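One structure below.
The values are calculated or read from the model by the stated rules, or taken from the named source; none is laboratory data. Worth saying up front: this structure is predicted, and the values here are computed from it rather than measured. We place every Cβ from the backbone using ideal geometry, glycine too, and count neighbours over all the protein chains shown.
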Ligand code: PFF
């Protein structure tokens, strides 16, 4: 049975849900690390230019395609031209893969929230946090269970539908995210010596304005804005015809960049002060190894750690929800499955893929 098409209850709800999709692990986990790896201000400049010159038009195009066709990503491209249907399928496959990996990292984040909620640092001395993370993530069952817990939370929201589930949750979680982030920024920039980190973040070294930096910024911008995979096609299809999409896309791009910038402000100075510039470019394990070690050297570091991982959790949850929703919209609209059935059909094979990481 095909369900009645969903719609956002308010434009604010839509903007917060779409910003919730855009603001995710990419902003808080990846962005500060990339700023470090690509040399600070030069990367920031390239990133912001790309967001507004390339990301914004692409997002507006996706939202418009969704609203014009009133369909999921596969249906939308098929409606534009049956030969373009494959573009929709590429989107679905990409989302499926991203979600399987997102749940693994979401599970790690949940674990760290629980550790910090217990009220103590969990390592002693340099290297202890890296050892802890390597041991934890290599365990056969525990990380899987945390990942599954994260996925179940997404499912609980998504099966309630667009306005009753995703929109309602985003309206609570996004303000909470800003509040947590603002607190972390205030703490970070008022540390003695924070100026060094800020100079690194905003100072532009012309030698770093290279093709490499540009390509790094391009990949980061597309991932961070959730464009190029059909999420915004799906979210756009729920927007009433009376709303101004250009304004909404502008708000989403601004909110996403603001969170990336604030995350940089929250993370770069404290890492700079405690661990030096070398620690900045640590890729994947940055949040789970370098940061807890940094937190352990800060006064009030347990609380900072708790707030940081809670923030990361909120950001990851709203992004994962948007990915799940886009896949479910495809299954319910194209095959007529009920929402719950579509969700289960999707998450069971996905859990196996997650287990493989
Ligand atoms: N934009 C999210 C982030 O920055 O973490 C990740 C993401 C969500 C990417 C949805 C792609 C997507 F379709």
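With respect to the numbered conditions (1) part of a loop (DSSP other than H, G, I, E, B); (2) touching a helix residue (DSSP H, G or I) at 6+ places or on another chain (Cβ under 7 Å), which one is the sole condition not fulfilled by residue 242? Residue 242 satisfies every listed condition except (2).
Can we say residue 21 is surrounded by fewer than 24 Cβ atoms within 10 Å (Cβ to Cβ) and within 30 Å of residue 337 (Cα to Cα)? Answer is no for this residue.
For the stretch 40-56, check the following and say yes or no: at least one residue is under 22 Å from residue 199 (Cα atoms), in contact (Cβ under 8 Å) with a residue 60 or more places away in the chain and part of a loop (DSSP other than H, G, I, E, B). Yes: one or more hits.
To keep it simple, each residue is scored yes or no on (1) crowded, with 16+ Cβ neighbours inside 10 Å; (2) over 21 Å from residue 222 (Cα atoms); (3) touching a strand residue (DSSP E or B) at 6+ places or on another chain (Cβ under 9 Å).
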| residue | (1), (2), (3) |
| --- | --- |
| 253 | yes, no, no |
| 288 | yes, yes, no |
| 297 | no, yes, no |
| 307 | yes, yes, no |
| 316 | yes, no, no |
| 323 | yes, no, no |
| 331 | yes, yes, no |
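Screening 344, 311 for residues that are without any contact (Cβ under 8 Å) to a residue 24 or more places away in the chain and either part of a helix (DSSP H, G or I) or in contact with a strand residue (DSSP E or B) (Cβ under 8 Å, 6 or more places away or on another chain) (or both) leaves exactly one candidate, 344. Only one of the numbered conditions (1) within 12 Å of the ligand (Cβ to nearest atom); (2) outside any loop (DSSP other than H, G, I, E, B) is not met by residue 251, and that is (1).
Specify which of the listed residues (218, 225) is within 10 Å of the ligand (Cβ to nearest atom), in contact (Cβ under 8 Å) with a residue 60 or more places away in the chain and under 15 Å from residue 59 (Cα atoms). The conditions single out 225.
If the condition is being within 16 Å of the ligand (Cβ to nearest atom) and either at pLDDT 95 or above or closer than 19 Å to residue 14 by Cβ (or both), then the stretch 325-347 contributes 325, 326, 327, 328, 329, 330.
Filtered by the rule that a residue be out of contact with any helix residue (DSSP H, G or I) (no Cβ under 6 Å at 6 or more places or on another chain), in a loop (DSSP other than H, G, I, E, B) and within 23 Å of residue 91 (Cβ to Cβ), the stretch 176-229 gives no residues.
The single condition among (1) surrounded by fewer than 21 Cβ atoms within 10 Å (Cβ to Cβ); (2) closer than 16 Å to residue 226 by Cβ; (3) in contact (Cβ under 8 Å) with a residue 24 or more places away in the chain that residue 90 does not satisfy is (3).
Table: residues versus (1) within 21 Å of the chain's Cα centre (by Cα); (2) crowded, with 19+ Cβ neighbours inside 10 Å; (3) away from the ligand (no atom under 16 Å from the Cβ).
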position	(1), (2), (3)
178	yes, no, no
190	no, no, yes
229	yes, yes, no
243	no, no, yes
247	no, no, yes
